[in-house]
Amino acid sequence: MDSPKFMERERTSLPLVLSGTFVSLCSNSLRKASMILEPFVERSHEAIRQWVQRLAPVCDRFDVDRKRVRTFFVDETMIRIRGSQAWVWVWAAYEPALRVFLHFRVSYNQSGLDAYLFLKEVRSRYGLKPIWTGVVV
């Protein structure tokens, strides 16, 4: 027996779940996180609340003392969203000495503006620290 289309469960990709969780923790607003995710996927604030509850042990690792951060490793990668033709870029900042992820961002483009906005967010949160990328000069 086939289930009706309206009852099928649609899985959300991990980068979008992590992004929604991170936004909700930074803004203290589940509804704001839901609105930010709308261009990628429609999810209710209740779904995001469940993500936050399920990922609470992982989310504790995002709370890093600003004074302990000495340097950033920054990288980006392209990920295809399962079940669609869309590709997204996931930008990540990592602190090697503390072995923690400091920040990440999901975008549809890999432009200079996206890189600038990502680095601006990282620097506004952790200050002016040396940034290392995968580019060898």
Study note, to complete from the structure: Those residues of the range 85-109 which are outside any strand (DSSP E or B) and of a type outside the set (Lys, Arg) amount to GLN85, ALA86, PRO96, ALA97, LEU98, TYR108, ASN109
Check your understanding: What's the number of the condition LEU102 fails, among (1) within 13 Å of the chain's Cα centre (by Cα); (2) closer than 14 Å to SER13 by Cβ?
Key -> (2)
Practice item. Mind listing just one residue for me: the one in the range 25-51 that is in contact with a Ser or Thr (Cβ under 6 Å, 6 or more places away or on another chain), free of Cβ contacts under 8 Å to residues at least 24 places away in the same chain and among the hydrophobic types (A, V, I, L, M, F, W, C) and, of those, nearest to LEU14 (Cα to Cα)? Key: ALA33
Point to revise | Given (1) surrounded by fewer than 18 Cβ atoms within 10 Å (Cβ to Cβ); (2) in a loop (DSSP other than H, G, I, E, B); (3) at pLDDT 85 or above, number of the condition ARG9 does not satisfy | key: (3)
Practice item. Filter the range 19-67 down to residues that are at pLDDT 80 or above, in a loop (DSSP other than H, G, I, E, B) and under 15 Å from the mean Cα position of the chain (by Cα), then give me how many there are. Key: 5
Revision key, fill the gap. Counting only residues that are surrounded by 11 or more Cβ atoms within 10 Å (Cβ to Cβ) and not in a helix (DSSP H, G or I), the range 110-130 contains a total of 3
Check your understanding: Which one of ARG82, ARG70 is in a loop (DSSP other than H, G, I, E, B) and at pLDDT 85 or above?
Key -> ARG70
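The values are calculated or read from the model by the stated rules, or taken from the named source; none is laboratory data. Fair warning: this is a prediction, and the values are worked out from it, not measured in the lab. All Cβ positions, even for glycine, are placed from backbone atoms using ideal geometry, and neighbour counts span all protein chains on display.
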